[in-house]
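Below: one structure, written as structure tokens.
Any read-out appearing in this document is the output of simple, stated calculations on the displayed coordinates, not a laboratory observation. These numbers come from a predicted model, not from an experiment. Please note: Cβ atoms are built from the backbone with ideal geometry, for glycine as well, and neighbour counts cover all protein chains shown.
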Amino acid sequence: MSHHFIRFRDVHYTYPGGYEALRGVSFLITHGEKVALLGLNGAGKSTLLLHTDGILMATSGEVNIGDVPVTRKTLPVVRSHVGLLFQNPDDQLFMPTVEDDVAFGPRNMNLPEEEVERRVSTALEAVGATALRRRRPFNLSGGQKRMVAIAGVLAMEPMILVMDEPTSNLDPGARRRVIELVRGFDHTCLIATHDLDMAAELCPRSMVMAEGRIIADGPTDEILSDIETLTAAGLWPR
Amino acid sequence: MSDRLQRAILTLNRLEQPGGGTDGTDIIAAPDSRCLLVLTLIYLVLMLSVPLADIERVLLFSVYPIVESALVGIKYTRLLKRSLWVLPLVALVGVFNPILDTRTVFTVYGFTVTAGWVSLISLIVRGLLAMQAVLILIYVIGFYEVAVAIRRLGCPAVMSTQILLVYRYLSVLLQQVLTMRRAVDARGYGRRHMSLKLWGIFIGQLLIRSLERAENVSRAMHARGFTDRLPLSRYRCWTTTDSVLLGSWTVVFIVIYLVPLGTYLSKVL
């Protein structure tokens with residue numbers, strides 16, 4: 001994979017119940033860009049993110065991660081390059097201890113145990129959770145769980161980081177730590193969020209979604225000052 | 001009910017890590033997970049193979065949970081209390097034995113003890129001992145390590161993965177029940193029981209939500225490269241202590257199984 005970009009070409013996705021969540025989504029996020037994905041609940045943000053990792057496959061259209069089209073055959077390659085952080089850390093943390101959970105991804109990549117150990121230590125240190133190493137994930141606070149979930153993704157050393165609402169339900173201190181962590185990640189980043197302040201602070205570019213379509217795509221400061229677009233997306237009161 | 005559910009979830013979560021079932025007591029000598037799994041299997045096979053009427057021999061098998069719990073630092077009284085969970089099930093299996101089998105076995109102070117009663121008591125003791133052996137296994141090495149041990153013993157990976165996932169989803173299901181029960185209690189105005197209609201809705205919703213939650217967990221696993229095979233974590237190597245532990249207990253079990261120690265003891269006493 002020569003370039004770590006994300007490309008969607010006219011992607012449609014319909015859930016088995018018949019609900020069309022994505023209706024012709026197209027965009028290109030180039031290597032090293034940090035992009036915010038804004039929109040109301042149900043706008044299609046999470047569905048879009050699940051396509052970047054091949055968890056959901058487009059009903060029609062094409063998703064490319066770098067030079068690799070996302071298909072069932074390319075999933076191992078795609079998933080080793082894309083780190084996907086889920087909205088609810090409880091869905092992500094399921095191993096008996098924090099270190100086992102952070103090591104889950106690297107072990108699935110069949111890395112030698114020394115390399116797994118190095119990645120676990122580095123990832124936990126990056127999120128400031130080294131002291132939680134032997135703890136059980138179920139007994140952690142919401143902020144700690146989020147940090148450990150991020151460590152689990154960072155341990156895979158992804159070239160592209162995709163995050164679903166990384167600052168939701170966090171206290172101000174934990175929210176600030178997440179923001180600083182993402183700021184330090186110098187690869188491609190796509191963040192779905194309602195946190196407009198975080199989008200303004202971290203992401204030079206934003207895309208706005210409404211009813212399964214991207215209705216605006218441009219510099220974040222322009223998007224956030226475009227009341228008409230924000231109102232259309234339901235992010236500004238009518 | 002919420003408190004009991006909360007306790008059940010905590011207990012389940014504790015069982016997931018080695019030594020987690022001992023309520024804070026450190027495991028003194030945790031053997032290799034394969035050693036303890038094989039030891040437990042040998043114990044179960046030999047103990048459960050003893051004829052129902054041979055209650056003395058079954059009682060002699062209680063030496064393993066008593067001694068092994070002391071060796072690893074678990075209070076036997078706690079083990080005994082937890083093993084009582086299985087009592088209703090085994091009692092149900094043998095509840096008709098005293099009625100169906102009325103042959104006299106012996107008489108004590110004028111009371112006739114029938115073969116049916118002996119087999120019922122034997123069934124209960126076996127059930128408790130089997131449960132205690134399994135609890136020692138899970139308390140000492142944790143549920144995750146049991147699944148890893150199954151894999152390391154050469155069983156198909158799909159088997160150990162399925163066992164671990166069933167256990168994992170049990171915890172997900174309990175958490176969902178707790179959340180929904182709290183929602184019901186919050187607007188129940190002190191009413192403790194739910195109507196039949198509400199139970200129907202509750203169970204239907206529980207099924208839908210659990211499936212949704214399970215799907216999210218599955219997605220999160222696959223996003224981190226899970227390929228339906230449980231990755232093996234760091235594990236202890238087999239040591240001489242493990243061989244000694246397995247060998248010595250196996251000899252004890254075989255002696256109890258083959259030699260009529262009960263008869264000798266009754267003669268001596």
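Observations on the structure shown:
- Cross-link reach list, lysines versus residue A:145, counting only Cα pairs under 27 Å and skipping chain neighbours closer than eight places: A:34, A:45
- Projected area averaged over orientations for region A:109-205, convex hull of C-alpha atoms, nm²: 6.6
- Anchor residue B:75: lysines whose Cα lies under 20 Å away (excluding residues fewer than 8 positions away in-chain): none
- Using a cutoff of 8 angstrom between alpha carbon atoms and counting only pairs six or more residues apart, the relative contact order for region B:156-231 works out to 59 percent.
- Where Rh is the Kirkwood radius over Cα pairs, Rg/Rh for region B:43-162: 1.07
- Region A:1-83, dipole about Cα centre (Lys/Arg Cβ +1, Asp/Glu Cβ -1), debye to the nearest 20: 100
- Within region A:118-136: backbone nitrogen closer than 16 Å to the residue A:186 label point (7 Å, Cα to C-beta): none
- The peptide list A:29-36, A:130-137, put in order of mean Cβ contacts within 10 Å with the highest first, becomes A:29-36, A:130-137.
- Computed E for residue B:184/residue B:91 - FRET, C-beta separation, R0 35 angstrom, nearest 0.05: 0.60
- A convex hull fitted to the Cα coordinates of chain A yields 126 cubic angstrom per residue.
- Scattering curve values for the protein assembly as shown, log₁₀ I(q)/I(0), Debye with Cα scatterers, q = 0.11 Å⁻¹: -1.02
- Length available on full extension from residue B:255 to residue B:209: 0.36 nm per residue minus the Cα-Cα distance, which gives 11.3 nm.
- Order of A:55, A:65, B:66 - criterion: other Cβ atoms within 10 Å of each residue's Cβ, fewest first: B:66, A:55, A:65
- Taken as Cα centroids, region A:116-146 and region A:1-79 sit 29 Å apart, rounded to the nearest whole angstrom.
- FRET efficiency estimate (nearest 0.05) - Cβ-Cβ, residue A:201 to residue A:134, R0 25 angstrom: 0.15
- With eigenvalues of the C-alpha gyration tensor scaled by 5 and rooted, region B:156-231, Å: 33, 12, 10
- Net charge dipole size for chain A [Lys, Arg +1 and Asp, Glu -1 on Cβ; Debye, nearest 20]: 400
- A simple packing score, the average count of other Cβ atoms within 10 Å per residue, orders the peptides A:123-129, A:77-83 as A:77-83, A:123-129, with the highest score first.
- Considering only the protein assembly as shown, percent of DSSP beta bridges that pair antiparallel, nearest 5: 55
- Test item: A:89-100 mean partner chain Cβ contacts at 10 Å: 6
- Antiparallel %, DSSP beta bridges [both residues in chain A], to 5: 55
- All distinct Cα pairs of region B:123-192 go into the 1/r average, and the inverse of that average, the Kirkwood radius, is 15.0 Å.
- Packing-based ranking, highest mean first, of A:112-120, B:105-113, B:134-142, B:240-248 given that Cβ atoms within 10 Å are counted: B:134-142, A:112-120, B:240-248, B:105-113
- Among the residues of B:205-216, the average count of other protein chain beta-carbon atoms within 10 Å of the residue beta-carbon is 1.
- Exposure proxy shown here: for A:224, B:206, A:93, the number of other Cβ atoms within 10 Å sets the order, fewest to most, as B:206, A:224, A:93.
- Dipole axis of the protein assembly as shown (+1 Lys, Arg; -1 Asp, Glu on Cβ), positive-most option in B:83, B:171, A:130: B:83
- With the charge dipole of region B:61-182 set up from +1 on Lys and Arg Cβ and -1 on Asp and Glu Cβ about the Cα centre, the Cα lying farthest toward the positive end among the listed residues B:96, B:137, B:162 is that of B:162.
- Length gained when the stretch residue B:111-residue B:195 is fully extended (0.36 nm per residue, less Cα-Cα span): 25.4 nm
- Take each residue in A:104-115, count the other chain C-beta atoms within 10 Å of its C-beta, and the mean is 4.
- Cα centroid separation - region B:32-52 against region B:119-178, whole Å: 14
- Dividing the summed -39500 (n - 2.57) terms of all DSSP H runs of n ≥ 4 by the residue count of chain A sets its mean residue ellipticity at 222 nm at -10500 deg cm²/dmol.
- Sparse-neighbour loop sites [trypsin sites (Lys or Arg not before Pro); region B:71-116; at most 15 other C-beta within 10 Å; DSSP]: B:75, B:103
- Around the Cα centre of the protein assembly as shown, unit charges on the Cβ atoms of Lys, Arg, Asp and Glu (plus for the first two, minus for the last two) sum to a dipole of about 1740 debye.
- Cβ-derived FRET efficiency at R0 41 Å, residue B:76 paired with residue A:222, nearest 0.05: 0.05
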